[in-house]
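Note sheet for the following structure.
The values are calculated or read from the model by the stated rules, or taken from the named source; none is laboratory data. Please read all numbers here as calculations on a predicted model, not as lab measurements. Positions of Cβ are generated from backbone atoms using ideal geometry, with glycine treated the same way; all protein chains shown enter the neighbour counts.
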Amino acid sequence: MPPSAHVEHGTDDQLIRWITLNGVAVEHWPRPPDTRPPAPIDTPVLYLVAVGAADPDADHELVDWVRLPVRSDELRARAETLLARARFAGAVLPSVDADDILRIGGELAVLSPLEGRLMRVLLDQSGRVVSRDVITAELWPGSPPADTHVLSNVVRRLRTHVAHLPLRVHTIHGRGFLLEVVPTSGPVPVVPTMR
């Protein structure tokens, strides 16, 4: 992406996705009505502040903000700074790379492409229930499987692959799935969320 590229109202989806998958929540400011709750305080948060809006309360080492429009290289630098602060504070940041390898705190799990996509969806909405419909649309865009048990089987295989990690995938009956980071005796886990 050229350094002069700008992000207006969060429209650079590829960069925003990179930021969230690397552990930084990206939130719009002011918060639109009827949005989900803000990211937990132990999650690095980067606010995209609308033109003319009041500055957000960013009095925390894991919170920063930029006013829109913003250059893409500036947005990426702010996100990288927040990640460095989180790591310095001892945070464990889960991420799934392009090869579908899930990494968290020096541990890893090799996932299938479907499991990798599922984990990305759950990480994007960490701590929140993600409906079966949303997950199915992400895993099989345009052509969902006829058998509804296919998703359950992918979730079962994912649980097996991450059983040794401080992550749990919960079934919320009648609603969907929820990813939980299980506290360990080591560093404080930080889980990315996505707007």
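Of the residues 59, 73, which is assigned by TED's automatic domain parsing to the domain that holds residue 46 and assigned to a loop (DSSP other than H, G, I, E, B)?
The unique qualifying residue is 59.
Quick one: is residue 102 modelled with pLDDT of 90 or more, in contact with a Leu (Cβ under 7 Å, 6 or more places away or on another chain) and surrounded by 13 or more Cβ atoms within 10 Å (Cβ to Cβ)?
For residue 102, the condition - modelled with pLDDT of 90 or more, in contact with a Leu (Cβ under 7 Å, 6 or more places away or on another chain) and surrounded by 13 or more Cβ atoms within 10 Å (Cβ to Cβ) - is met.
(1) under 11 Å from the mean Cα position of the chain (by Cα); (2) at pLDDT 80 or above: which one isn't true of residue 46, the others all being true?
(1)
Cβ contacts < 7 Å: first residue over 14 Å from residue 77 (Cα atoms) and hydroxyl-bearing (Ser, Thr, Tyr), restricted to the range 41-67; second residue at pLDDT below 90 and assigned to a strand (DSSP E or B), any location; separation 6+ or different chain. Result?
Listed by first residue and then by second, the contacts come to 43/25; 43/193.
State yes or no: is residue 154 part of a strand (DSSP E or B), of a type outside the set (Phe, Trp, Tyr) and touching a residue at least 40 places away in the same chain (Cβ under 8 Å)?
Answer is no for this residue.
Looking only at the range 86-99, count every residue that is small (Gly, Ala, Ser), surrounded by 15 or more Cβ atoms within 10 Å (Cβ to Cβ) and at pLDDT 80 or above and tell me the total.
Here the count works out to 2.
For a quick check of your reading of the model, give me the residue pairs whose first member lies in the range 131-145 and is within 18 Å of residue 177 (Cα to Cα), whose second is β-branched (Val, Ile, Thr) and not in a loop (DSSP other than H, G, I, E, B), with beta-carbon atoms closer than 6 Å and at least 6 apart or on different chains.
135/121; 138/121; 144/136
Of 43, 81, which residue is polar (S, T, N, Q), under 23 Å from residue 167 (Cβ atoms) and outside the structural domain of residue 167 (by TED's automatic domain parsing)?
Criteria check complete, one pass: 43.
Among the residues of the range 105-124, write down those that are surrounded by fewer than 18 Cβ atoms within 10 Å (Cβ to Cβ) and either out of contact with any helix residue (DSSP H, G or I) (no Cβ under 8 Å at 6 or more places or on another chain) or assigned by TED's automatic domain parsing to the domain that holds residue 20 (or both).
Matches in the range 105-124: 105, 106, 107, 108, 113.
Taking the range 74-130 only, how many residues are in contact (Cβ under 8 Å) with a residue 40 or more places away in the chain and among the basic types (Lys, Arg)?
Total satisfying the criteria: 4.
Go through (1) at pLDDT 90 or above; (2) hydrophobic (A, V, I, L, M, F, W, C); (3) touching a helix residue (DSSP H, G or I) at 6+ places or on another chain (Cβ under 8 Å) for residue 150 and report which single condition fails.
So residue 150 meets the others, but not (3).
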